[in-house]
1. Please rank B:Met204, A:Met194, fewest neighbouring Cβ atoms within 10 Å first, as an exposure proxy.
2. Run the quick spin-label model on A:Arg133 and B:Phe284: label points 7 Å from Cα toward the beta carbon, then report their separation in nm to one decimal.
3. Could you please state, rounded to a whole Å, how far the C-alpha centre of segment B:257-277 is from the C-alpha centre of segment A:154-214?
4. Sorted from fewest to most neighbouring beta carbons within 10 Å, what does the list B:Ile279, B:Ile36, A:Ile69, A:Ile103 look like?
5. By how many degrees, between 0 and 90 and to the nearest 10, does the Cα long axis of helix A:137-149 differ from the longest principal axis of chain A?
6. Each residue of segment A:154-162 in order: what ³J(HN,Hα) in whole Hz does its phi give by Karplus 6.51 cos²θ - 1.76 cosθ + 1.60, θ = phi - 60°, with x for Gly and Pro?
7. Within segment A:135-160, list the residues whose amide N lies under 14 Å from a label point set 7 Å along Cα→Cβ of B:His180.
8. For chain A, what does the helix formula give at 222 nm: sum of -39500 (n - 2.57) over DSSP H segments with n ≥ 4, over the residue count, nearest 500 deg cm²/dmol?
Amino acid sequence: MTAPLLRVANLSKRFGGFVALNDVSLEVADGERLGVIGPNGAGKSTLVNCVAGLLRPDAGRVVFGDKDITALPAHRRARLGIARSFQLPRPFRSMTLEENLAISRDYAAREATDARALLSQLGLGAKVQSLPRDLTQIELRKLELARALAARPRLVIADEVMAGLSHGEVDEMMGVLLALNQGGITIMMIEHIMRAVMRFSQRIIVLDAGRKIADGAPVEIVRNEAVERAYLGA
Amino acid sequence: MLIGGYAATVAIANDYYFYAGYIVLQYVVLATAWNILGGYAGYVNFGSAGFYAVGAYTAAILCLALGAPLPVMILGGGLAAGVIGLAAGYLALRIKDVYFAIATLALAVVVQTIVDNWDYVGGTRGIYVLHPHHAIGFSNYPRLLFFTMLVLAVGSVVVARSVEHSRFGRGLAAIRDDEHAAESAGVPTLRLKLMAATLSGILMGAAGAPFPYFVSHLEPSSTFSLAVAVNAIAMPMIGGATSWAGPVIGALVLGGAQQIATVTISSVLNLLIVGLLLIGFVIFAPEGIVGLARRLLR
């Protein structure tokens with residue numbers, strides 16, 4: 001087996017007295033589709049922010065490829081190939097869709113990116129010159145993803161890109177993510193919609209109260225007693 | 001434009017126009033400078049008067065201590081204010097919104113306190129900085145100062161415009177729209193903000209540098225004036241803060257109105273006019289004259 005693309009080792013993060021992450025370790029292989037699930041407040045978003053760089057962990061290390069990135073600011077990580085979408089879409093509101101993509105293309109991408117082609121690929125081809133305020137929810141989430149992809153990332157962290165979408169839209173979004181993965185991009189999917197995350201992921205990690213309580217194939221996770229307790233509180 | 005400005009210094013007989021024109025052009029520079037950090041990056045600086053005064057006092061010291069010529073005074077004033085911008089930015093740009101604004105206000109107060117208590121520059125009494133007697137190429141020195149300010153105004157607009165259309169400017173716009181999203185998209189937010197603060201400081205300092213010659217008697221209360229701080233914010237807001245044209249239009253309209261009001265009504269009513277206009281624009285046209293025009297043309 002080759003070295004993992006992302007390695008998180010003994011990560012801890014506290015906010016005052018609240019322990020958001022408690023000694024969490026995980027690995028993501030190059031080209032893998034990893035799902036991260038857990039109840040609200042389990043530490044999923046904190047984990048995303050520690051990996052993407054908007055938060056610094058109190059302890060532990062984050063290694064990307066063969067580089068320790070624990071101390072790097074978020075924009076340096078973006079240049080190394082970590083792209084993320086935000087749970088609540090955060091477009092650049094004064095810019096057209098194309099200009100939105102131009103930011104990550106110009107600042108993070110190591111190679112040329114065709115913003116228009118990328119937007120068309122995600123079904124936003126007709127809205128290249130639109131402003132974010134003219135988009136629907138699903139289109140805003142696609143824009144989040146498109147902007148992440150314009151950085152030509154090696155790892156995409158999709159933070160609840162499907163929340164609030166209809167059944168059909170979830171399938172559509174999943175198709176997009178699977179196609180990206182086919183193209184060689186490693187994907188870490190943080191998701192509440194079980195149907196989607198179970199079908200999408202090759203492997204799933206479960207967080208609860210800041211700890212990793214399970215790590216395995218979807219079929220194993222479904223049968224895992226600790227996971228059942230965390231979700232059902234039994 | 002520069003040729004036209006020079007022609008005016010030869011053709012127009014009344015000196016008053018050059019005094020008034022100097023003030024208006026000075027506000028073009030200040031508003032444009034403020035807008036680089038405030039409009040493009042979205043960081044509101046309440047301390048413009050501090051940067052302006054650093055430029056003015058640095059220039060005065062260069063003149064008195066070293067007998068430096070005007071271009072050196074402007075260069076020195078700009079650099080000193082740029083250094084202050086960089087330093088203040090490093091300390092303050094990690095905080096956001098209203099907290100950043102308060103920090104810049106505090107900076108202006110600190111600088112004024114230092115000047116008030118510094119004997120070399122006359123403390124609160126002020127100091128005389130007389131301009132040279134001869135103005136080569138101009139019939140008198142105020143006309144030379146007017147032309148100098150015109151050059152600075154054109155220069156700062158050229159700088160602002162090229163920033164706006166550059167990768168740097170797009171990065172600043174991303175910061176203004178959403179700083180976390182910008183950082184995650186690879187934009188080195190702190191570095192860009194520092195660059196914007198430094199550039200803004202340089203231009204504000206340059207705007208203040210000819211001021212000692214303009215007033216002859218440089219003293220803190222008129223240098224750290226409320227008018228400078230308020231106008232530097234109000235002009236871009238009224239003109240429209242997202243493009244280079246906004247501060248220019250705002251400075252010309254507002255600065256011009258103030259000069260006319262000073263002559264025809266009363267000099268103390270100036271800031272009242274600014275205040276009322278600002279309130280009106282914030283309520284009815286938050287995107288300024290430029291935004292209003294765009295909306296009407298659409």
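1. Working: B:Met204 36, A:Met194 15.
Fewest-to-most Cβ neighbours within 10 Å comes out as A:Met194, B:Met204.
2. 2.0 nm
3. After rounding, the separation between the Cα centres reads 61 Å.
4. Ordered by Cβ neighbours within 10 Å, fewest first: B:Ile279, A:Ile69, A:Ile103, B:Ile36.
5. Tilt of helix A:137-149: around 90 degrees.
6. The phi angles translate into 9, 10, 10, 9, 9, 8, 6, 5, 9 Hz.
7. From segment A:135-160, the list is A:159-160.
8. Numbers: 9 runs with 85 residues, N = 234.
Mean residue ellipticity at 222 nm (helix-derived): -10500 deg cm²/dmol.
Where a number appears in this text, it was derived from the coordinates with a stated rule and is not lab data. From a predicted model like this one, the values you see are computed outputs, not experimental measurements. Reconstructed Cβ throughout: ideal geometry from the backbone, glycine too, with neighbour counts over all protein chains shown.
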